[in-house]
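Here the structure is laid out as structure tokens; the discussion comes afterwards.
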Amino acid sequence: MDAEKSSSSSFEDLSNLNEQERAELAQSSPSSAAGTSSAQPPLPEDLKKDAASSEEEGGAAESSDYMDILGNGTLLKKVLRKGLTEMRPESKDIATISYTGRLEDGTIVEEEHEAVVQIDDVEVVQGLDMALKLMNEGEQAEVVVNPRFAYGEIGWKMKPILNEAFPPNATITYTVELLSTKEESELESRTYTSRKEIGNKKRLRGNFWMKRQEYNLAIQSYRRALEYLDDTVSAGGMMESGTAPPAELTTTELQDLLEDRMKVYNNLALAQLKISAYQAALKSVDTVLKCQPNNAKALFRKGKIHDAQGDTKAAIALLQKAATVDVDDKLIQSELSKLILKSKREARNEKDLYQKMLGQAQKLEQKTKVTPPNQTTESSKLKMWGYLVGAILIGVAGVAIYRYNIQ
């Protein structure tokens, strides 16, 4: 998806670690790195503890056992309690976790109990998402996440539960427990209620990333939402061989899924517009208009896309139609007024340009018709010499005739 890269994102696509990389990371313990001369990045104050000489009861790991997941100190993991099994979640697996996030001064700013998340679906901060794939089922760990893989330069003030907020450039230390993990079930085996619930959860997560201006992550969440909200058998619209036919949806259920999909496509188009992926945005908004030709938001989105592409005339026509559909929408009215003024300015500028070009052409034509000064001077001299020679010849002729008559 090269057309949908965003340089403003503080999150990076580093979550898909393969088995070989995991094995290499597992060897990155303090004992294996003791012989190297490169210094480890400084740890936060709350992690600078004396190394324990023995394991605590319950299989707790030594306090100095930090894994530098990315090798640059931006994501650290320490095992607090070993897992009950060696089962680890993989991409798209469903994990149930409990976690608490603290600032460097110990202030709790994030806390969830038995939260259900899908690995690599950016339902938690990216640093925690990556660390979960390196945890065994039943394990409790401490994960130190650099702002680059947490809430970045803008922080987060939209806390629905806690009064605390993430300040900008905050390092977050998570205490997380992986309670269970399981594979994602096939979409065709899910009930209507389950698909609607999960699809809308991912849609809302996409809205969260939109508010943070993390447009690539919003696009990822919206596309995953569409997979669950599709009213066909599966995301690809084909039923795999050997599977039982799904329960047929009622007309009301189909309409509900359609309405939810239209919301997602409208939001997806906006995210694609924000990163200048105009063709992808047009495709998304046209999907809405194909099902709902009078969807005011879709008409408005398409008008904005055309405006961004420089087609002001087409944009005005779409916003005028949107304004007739939703006469109370102040935003549509405001944007339509701006586009009309823009169109008038463009027409005036175009007229001035034509007049300037026409004036230059007329001046050039007049210049070509005027006789050059040098040519006029030469003509005058030639005429003067002609008159003089003519006068001399007339004089000579007159003298000759006079003498002839005298003779």
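How much of the accessible area of segment 65-184, in percent, comes from carbon and sulfur atoms when a 1.4 Å probe is used?
Carbon plus sulfur share of accessible area: 47 percent.
Checking the table LYS202/LYS274; LYS202/LYS304; LYS283/LYS356 against a 30 Å threshold on Cα-Cα, which pairs fail? Walk me through the numbers before you get to the answer.
Details: LYS202/LYS274 20 Å; LYS202/LYS304 25 Å; LYS283/LYS356 41 Å.
Exceeds cut-off: LYS283/LYS356.
Looking at the square roots a ≥ b ≥ c of the eigenvalues of the Cα gyration tensor of segment 78-232, which shape do they give, rounded for a/c under 1.5, prolate if a/b is larger than b/c, or oblate?
Taking the square roots of the gyration eigenvalues as a ≥ b ≥ c, segment 78-232 is oblate.
Between GLU346 and GLU104, what length in nm is gained on full extension when 0.36 nm per residue of separation is reduced by their alpha carbon distance?
Full extension of this stretch gives 81.7 nm more.
Under a 1.4 Å probe, what is the accessible area of segment 65-184 per residue, stated in Å²?
Heavy-atom SASA per residue in segment 65-184 reads 42 Å².
Return the distance in nm (one decimal) between the two label points of a simple spin-label model at ILE392 and THR191, each offset 7 Å from Cα along Cα→Cβ.
The modelled label-to-label distance comes out at 12.5 nm.
Rank these residues by their accessible area, most exposed first, probe 1.4 Å: TRP209, TRP385. Please list the in-between numbers first.
Values: TRP209 0, TRP385 170 Å².
Accessible-area ranking of TRP209, TRP385, largest first: TRP385, TRP209.
Of the lysine pairs in segment 65-184, how many meet both conditions: Cα atoms under 14 Å apart, and a spacing of 8 or more in sequence or different chains? Could you put the intermediate results ahead of the total?
Numbers: LYS77/LYS133; LYS78/LYS133; LYS92/LYS133; LYS92/LYS182; LYS133/LYS182.
Lysine pair count for segment 65-184: 5.
Would you mind computing, in nm to one decimal, how far apart the modelled labels at GLN333 and GLU111 are, each placed 7 Å from Cα along Cα→Cβ?
For GLN333 paired with GLU111, the spin-label model returns 4.7 nm.
The values are calculated or read from the model by the stated rules, or taken from the named source; none is laboratory data. Since we're looking at a predicted model, the values are computed, not measured. Heads up, the Cβs are rebuilt from the backbone with ideal geometry, glycines too, and the neighbour counts pull from every protein chain shown. Quick note on the areas: whole protein, heavy atoms, side chains included, nothing else; ligands and nucleic acids left out. Shrake-Rupley method; radii C 1.70, N 1.55, O 1.52, S 1.80 Å.
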